[in-house]
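The values are calculated or read from the model by the stated rules, or taken from the named source; none is laboratory data. Not measured: the values here are computed from a predicted model. Counting neighbours? That spans all protein chains shown, and the Cβs are built from the backbone with ideal geometry, glycine included. Surface accessibility is based on the protein's heavy atoms, side chains included, excluding ligands, DNA and RNA. Shrake-Rupley method; radii C 1.70, N 1.55, O 1.52, S 1.80 Å.
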Amino acid sequence: EDGIRDLVRTRGLRDVYKRQLLKEQSYILTIEYPLFKIERIGTGWRSNSTLSQIQISELLTNWQQATGLQLADINSIKSEFKNKSSENIVTIWFAGEELPQVFAFFKLGGDYFIHMPKSENMNWLKLDSEQYLLLFPQVKD
């Protein structure tokens with residue numbers, strides 16, 4: 001299947017499940033951030049950023065290992081984001097997929113919530129700030 005299903009309890013948000021952001025065995029072709037892009041070229045990668053090949057490799061690993069908490073009742077939180085623009089948007093193209101997956105990140109308190117309109121049965125996941133930072137490298141101009 002596409003995620004880890006360990007039951008976890010959180011403060012006041014009913015039961016939640018820990019889920020991987022990306023489907024297992026996802027083959028990433030391109031990751032597009034607001035200010036830069038990383039593309040697969042043969043067996044390597046190229047980027048229009050200052051990231052080294054090692055940093056790119058670590059970033060891809062972070063995405064493939066990233067997990068978030070799938071909330072059982074997101075309705076209480078959805079209203080918080082109704083008129084709020086996202087903090088960040090990342091678009092990822094996968095092999096075998098016609099359209100990319102869009103990840104919109106919203107900040108609420110010390111946590112981040114990811115909206116993934118294309119994903120089945122898990123449109124919203126919660127990440128802590130530490131996990132969020134692993135997905136957003138510090139890029140020099």
- Task: Please identify every one of the GluC sites (Glu not before Pro) in region 58-111 that sits in a loop by DSSP and has no more than 14 other beta carbons within 10 Å of its own beta carbon.
- Result: Glu87, Glu97, Glu98
- Task: Anything over 18 Å Cα to Cα? Flag those among Lys37/Lys126; Lys37/Lys78; Lys82/Lys126, in the order listed.
- Result: Lys37/Lys126; Lys37/Lys78
- Separation of the Ser52 and Glu32 label points, Cα + 7 Å toward Cβ, nm: 2.9
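Just reorder Arg40, Arg19 by solvent-accessible area, largest first, 1.4 Å probe, all chains present.
Descending accessible area places them as Arg40, Arg19.
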- Task: Using a 10 Å cut-off on Cβ atoms, rank the peptides 43-49, 108-114 from the highest mean neighbour count down.
- Result: 108-114, 43-49
- Item | Theoretical gain in end-to-end length, Lys84 to Asp128 [0.36 nm per residue, Cα-Cα removed] | 13.9 nm
